[in-house]
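Below: one structure, written as structure tokens.
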Amino acid sequence: MFYREDAFDVLGPAELTALFEAFACVVRLHPVVLYWVHRLDAREYLVSSFRHRSMVKYSELEVVHVTPDEIGYYRLPGARIGGGGRVEPGLYSLAIQAPGGRRHYLRIRKCGHGQLHLDEVCERPERDAASFQSLPRHTLDRSKFAAEMATVVERGLEWDYQRALLGEPDPFTEAEWGEMTRKCAGLSPRADAFLAEIRRRDRSRRVST
């Protein structure tokens with residue numbers, strides 16, 4: 001079966017590193033808001049659903065493993081190349097590992113409405129090791145996944161903007177805001193607009209009180 005891939009901009013090493021740092025920072029500070037992005041450890045993440053138009057067709061079918069140096073993806077049983085096939089609802093026990101990285105044992109549940117959830121990150125299983133499938137790992141061009149990672153960052157900042165717009169308390173310390181501003185500034189015009197408006201509204205509210 002033939003399928004057409006969306007075009008994407010090729011980013012340089014420095015741009016990819018900056019994007020990963022912004023992504024990691026925003027995910028760490030928004031664990032509930034960005035519920036479809038899961039921290040496996042301090043530098044590795046599992047993305048179980050997708051928001052950017054270039055990746056959304058793979059939702060409910062594949063998961064992506066993000067590390068600082070590589071993007072890997074796994075097709076769940078029943079998924080086909082190009083976003084085809086069907087993954088049945090149920091619990092899937094998977095073992096994933098980036099080259100040179102730690103092995104992670106995951107229990108991923110697909111609900112009846114289609115959403116994938118990471119139920120559990122296990123230590124090395126002793127009794128039921130055979131139940132964990134080692135699916136083929138496919139490498140994805142880091143630039144191809146860049147738009148999805150940038151969308152995750154923007155979603156986190158959008159939540160901060162909505163919180164500031166409603167006048168709700170700022171949940172972050174100055175150090176956390178400094179880190180987020182430093183790492184996210186310049187990522188996209190949308191991210192820059194959110195950052196500027198959040199800071200303006202938070203400062204105005206503090207002055208008025």
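Quick notes on this structure:
- Failed criterion for PRO99 (all others in (1) surrounded by 15 or more Cβ atoms within 10 Å (Cβ to Cβ); (2) without any contact (Cβ under 8 Å) to a residue 60 or more places away in the chain hold): (1)
- Residue check, LEU91 under 15 Å from LEU40 (Cα atoms), in contact with a strand residue (DSSP E or B) (Cβ under 6 Å, 6 or more places away or on another chain) and not charged (D, E, K, R): no
- Considered as a group, the residues in segment 123-154 that are of a type in the set (Ser, Thr, Tyr) and under 30 Å from CYS184 (Cβ atoms) include one that is surrounded by the most Cβ atoms within 10 Å (Cβ to Cβ), and that residue is THR151.
- Residue within segment 108-118 that is exposed (fewer than 14 other Cβ atoms within 10 Å of the Cβ) and assigned to a strand (DSSP E or B) present: no
- Criterion (under 19 Å from SER134 (Cβ atoms), modelled with pLDDT of 95 or more and of a type in the set (Lys, Arg)) met by exactly one of ARG102, ARG75, ARG107: ARG75
- When segment 26-43 is filtered for residues that are surrounded by fewer than 19 Cβ atoms within 10 Å (Cβ to Cβ) and outside any loop (DSSP other than H, G, I, E, B), the ones remaining, listed by number, are ARG28, LEU29, ARG39, ASP41.
- Test: residue in segment 64-76 that is touching a strand residue (DSSP E or B) at 6+ places or on another chain (Cβ under 7 Å), in contact (Cβ under 8 Å) with a residue 12 or more places away in the chain and surrounded by fewer than 15 Cβ atoms within 10 Å (Cβ to Cβ): no
- Residue list for segment 42-72, filter: under 12 Å from the mean Cα position of the chain (by Cα) and of a type in the set (Phe, Trp, Tyr): TYR45, PHE50
- For segment 44-95, filtering for residues that are closer than 15 Å to LEU140 by Cα, in a strand (DSSP E or B) and not acidic (Asp, Glu) leaves 12.
- Test: residue in segment 48-55 that is open to solvent by less than 70 Å² (accessible area, probe 1.4 Å), closer than 20 Å to ARG190 by Cα and among the hydroxyl-bearing types (Ser, Thr, Tyr): yes
- Counted residues, segment 155-180 - those being under 19 Å from TYR35 (Cβ atoms), open to solvent by 30 Å² or more (accessible area, probe 1.4 Å) and assigned to a helix (DSSP H, G or I): 5
- Restricting attention to segment 126-137, the residues that are more than 23 Å from GLU62 (Cβ to Cβ) and of a type outside the set (Lys, Arg) add up to 4.
The values are calculated or read from the model by the stated rules, or taken from the named source; none is laboratory data. Quick caveat, the model's predicted, so the values are computed rather than measured. Because the Cβ atoms are built from the backbone with ideal geometry, glycine has one as well, and the counts that use them run over all protein chains shown. Heavy atoms of the whole protein, side chains included, go into the accessibility calculation; ligands, DNA and RNA do not. Shrake-Rupley method; radii C 1.70, N 1.55, O 1.52, S 1.80 Å.
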